[in-house]
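**Student:** Can you read through this structure? Questions will come right after.
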Amino acid sequence: MRIGLLTEGGYPYATGEARLWCDRLVRGLPQHEFELYALSRSAEQERARVPLPEHVAHVRTAPLWAPADDGRTYARRERRRFADCFGELVHGICAGAPDPFAGGLYGLADLAREQGGLHAALRSESAVRALEGACRAHGASRTVQAAHVADLLEFVDELERMLRPLSLDWYEEDARGEGLGAVDVCHAAAGGVAALPGLLAKRFFGVPLLVTEYGVQLRAHYLSHLGAGRGEEPRPAVRALLAAFHLRLACEIYARADFLTPGNAHARRWQERCGAGRDRLRTVHPGMEADRFATVGESADRGDPDTLVWVGRVEPAKDLIALLHAFAEVRRAEPRARLRIFATAADPGYLADCRSLAAQLFPDEAADSVTVGENPVAFEEIGGPEAPSAADAYGAGRVVVLSSVIEGFPVTLAEAMFCGRATVSTDVGAVCEVIGGTGLVVPPRNPRALAEACLSLLGDAERAERLGAAARARALELFTVEQNVAAFQEIYLRLLAKGSGRPDGGGIPFARPPEARVPGHWTSPTWAKPAPDPTSEAAV
């Protein structure tokens, strides 16, 4: 089976989202042939790729970061057609209307397929005027109606970047049999712009589309563009337009995809709210390498009984400030308690704030007047001498804590479960789904509740060990690479057996024989061709 894997800002690059699970999926299905279609986000990202297995047939990339201008200009008829399609698209964005948005999107895709790239047209004055008319029309929100010329220009620039997949040459099958039109299944590793090539392959060639979201792209956009952790935020009108575009695109993807695989119930609820049908939804949990944590998870050593461990990226969404205040209450009840914070990455400003608060709340302690004092809160990095790996970090204490106020799928929580550690977590994102009764869950932004839960486990070693054992058993059942790969293998076969709208196969599985895509004419063997003239230049 030929799988066209669609990514944005991730696999096969060494950095970015969805890199690990895509690599595990591809390596776990060597019986299939994968073709990678990657949208990159920066020149630096493109410099480093992960090693690819032999059954990856080819990789095609397209940058979303570089200025794009193919120099194409349209004749008067095509310019009028573009204006009509683009007007529909922006009307659907500004008025929140799904039908005009879809009609305009596919109209632009058809135009790009027939006439070439849309880069110049999308940056033209007619595009800005059409957007301005849609913003001023009845049905647009008051924020959008207040857009200035600078707002319109900024949004058109962003829209051109996000619609670049419409102008790519990925769809038509070439002489080597490559192209999205020739694959058996398009698998988008994320929603949003990453799935846009899959939508077009489905429209042009009837290729089944599978969309996997371990973090909902629409939610991620809201968090990044609506003021969560950004230094420079777009103006209100631009934010509103971008949010409306991503919402309409998400709804179109969920409506057209043949199958959707959210990574957890939290992501599934987002998809259902945006129109995804339950008959096309199946939760597939991320696959993680259990062997990395087997040594710690199977060890009789349950870690320091007085130590709490936190692992993750140090940033405002993780709410380490609340954790430090909770630990202050833990220390008052249990003076021997320690908190070790292991950072996989960090927001420098937020890390400095956390260090400053820890120094204020917990003065250095010393056993006597000549001993150097130590702080009960330690900030460390994964890869250091005390914790060379994530498994070592989890194994340092008896209880692992998660204090987030925003969370999708809590990877660190699942890793702690593989290590057989009892956990205390805030009730955000997919935490309850992951824990499933094998840990303690408290409300977010509630340091007192967090402290009481930690104290209950620190003071009851038997309960902590029992919960840790149950957590490891649950993780081994639900979150391994093997269960993830098996689920996608079944879904691929299901989509292929269901058939498609291809004109060449009539929806019949395996209607197109494998030899149909062998380069050259397979019925004419090389021995049947006339021998070359020995005096010709080609024979020399």
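**Student:** Every residue in the stretch 15-56 that is under 20 Å from residue 191 (Cα atoms) and aliphatic (A, V, I, L, M), please.
**Tutor:** 18, 20, 25, 26, 36, 38, 39
**Student:** Let me ask you something else. Could you grab me the full set of residues in the stretch 69-127 that are of a type in the set (Lys, Arg) and either more than 32 Å from the chain's Cα centre (by Cα) or surrounded by fewer than 16 Cβ atoms within 10 Å (Cβ to Cβ) (or both)?
**Tutor:** 72, 76, 77, 79, 80, 81
**Student:** A further question on this structure: Which members of the stretch 169-199 meet the condition of being closer than 29 Å to residue 266 by Cβ and among the hydrophobic types (A, V, I, L, M, F, W, C)?
**Tutor:** Within the stretch 169-199, 185, 186, 188, 189, 190, 193, 194, 195, 196, 199 meet the criteria.
**Student:** Could you grab the pairs with beta carbons closer than 9 Å, sequence gap of 6+ or different chains, first residue in the stretch 271-291 and within 20 Å of residue 482 (Cα to Cα), second one among the acidic types (Asp, Glu) and open to solvent by less than 30 Å² (accessible area, probe 1.4 Å)?
**Tutor:** 288/415
**Student:** If you check residue 193 against the conditions, is it closer than 20 Å to residue 234 by Cβ, touching a Pro at 6+ places or on another chain (Cβ under 7 Å) and buried (at least 20 other Cβ atoms within 10 Å of the Cβ)?
**Tutor:** Considered against the rule, which asks whether it is closer than 20 Å to residue 234 by Cβ, touching a Pro at 6+ places or on another chain (Cβ under 7 Å) and buried (at least 20 other Cβ atoms within 10 Å of the Cβ), residue 193 comes out as yes.
**Student:** Given the conditions (1) at pLDDT 95 or above; (2) under 24 Å from residue 480 (Cβ atoms); (3) open to solvent by 60 Å² or more (accessible area, probe 1.4 Å), report the number of the one that residue 19 does not fulfil.
**Tutor:** Every listed condition holds for residue 19 apart from (1).
**Student:** Sticking with this one: Would you say residue 462 is over 20 Å from residue 319 (Cβ atoms), touching a residue at least 24 places away in the same chain (Cβ under 8 Å) and among the acidic types (Asp, Glu)?
**Tutor:** no
**Student:** May I pose another question? Does residue 181 meet the test of being within 27 Å of residue 287 (Cβ to Cβ) and part of a helix (DSSP H, G or I)?
**Tutor:** no
Residues checked against (1) of a type outside the set (Ser, Thr, Tyr); (2) farther than 23 Å from residue 214 by Cα; (3) in contact with a Ser or Thr (Cβ under 9 Å, 6 or more places away or on another chain):
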position	(1), (2), (3)
12	yes, no, yes
18	yes, no, yes
27	yes, no, no
47	yes, yes, no
84	yes, yes, no
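**Student:** From the list 38, 68, pick out the single residue that is modelled with pLDDT under 95 and part of a strand (DSSP E or B).
**Tutor:** 38
**Student:** Now, a different point. Test residue 416 against the criterion of being at pLDDT 95 or above and over 25 Å from residue 20 (Cβ atoms), and give yes or no.
**Tutor:** no
**Student:** I need the full set of residues from the stretch 417-436 which are open to solvent by less than 10 Å² (accessible area, probe 1.4 Å) and in a loop (DSSP other than H, G, I, E, B), in order please.
**Tutor:** Result: 419, 420, 421, 430.
**Student:** Within the set of pairs 6 or more residues apart or between chains, which connect a residue that is open to solvent by less than 40 Å² (accessible area, probe 1.4 Å) and modelled with pLDDT of 95 or more inside the stretch 437-455 to a residue that is among the basic types (Lys, Arg) and outside any loop (DSSP other than H, G, I, E, B) with Cβ atoms less than 8 Å apart?
**Tutor:** Note: pairs meeting the criteria are 438/474.
**Student:** On the basis of being aliphatic (A, V, I, L, M), surrounded by fewer than 21 Cβ atoms within 10 Å (Cβ to Cβ) and within 30 Å of residue 494 (Cβ to Cβ), does residue 168 make the cut?
**Tutor:** Against the criterion (aliphatic (A, V, I, L, M), surrounded by fewer than 21 Cβ atoms within 10 Å (Cβ to Cβ) and within 30 Å of residue 494 (Cβ to Cβ)), residue 168 qualifies.
**Student:** Follow-up. Quick one: would you say residue 174 is open to solvent by 70 Å² or more (accessible area, probe 1.4 Å) and either touching a Leu at 6+ places or on another chain (Cβ under 6 Å) or farther than 16 Å from residue 93 by Cβ (or both)?
**Tutor:** Taking the combined requirement at face value, the residue does not satisfy it.
**Student:** Out of all the residues in the stretch 277-295, which are of a type in the set (Gly, Ala, Ser) and either in a helix (DSSP H, G or I) or over 18 Å from the mean Cα position of the chain (by Cα) (or both)?
**Tutor:** 277, 290, 294
**Student:** Being modelled with pLDDT under 90, at negative phi and either aliphatic (A, V, I, L, M) or buried (at least 17 other Cβ atoms within 10 Å of the Cβ) (or both): is that true of residue 63 here?
**Tutor:** yes
**Student:** Specify which of the listed residues (345, 328, 352) is open to solvent by less than 50 Å² (accessible area, probe 1.4 Å) and either at pLDDT 95 or above or within 24 Å of residue 457 (Cβ to Cβ) (or both).
**Tutor:** 328
The values are calculated or read from the model by the stated rules, or taken from the named source; none is laboratory data. Since the model is a prediction, treat every value here as computed from it, not as a measurement. Glycine gets a Cβ as well: all are built from the backbone with ideal geometry, and neighbour counts include every protein chain shown. When the accessible area is computed, the model is the full protein with side chains, heavy atoms only, and any ligands, DNA or RNA have been set aside. Shrake-Rupley method; radii C 1.70, N 1.55, O 1.52, S 1.80 Å.
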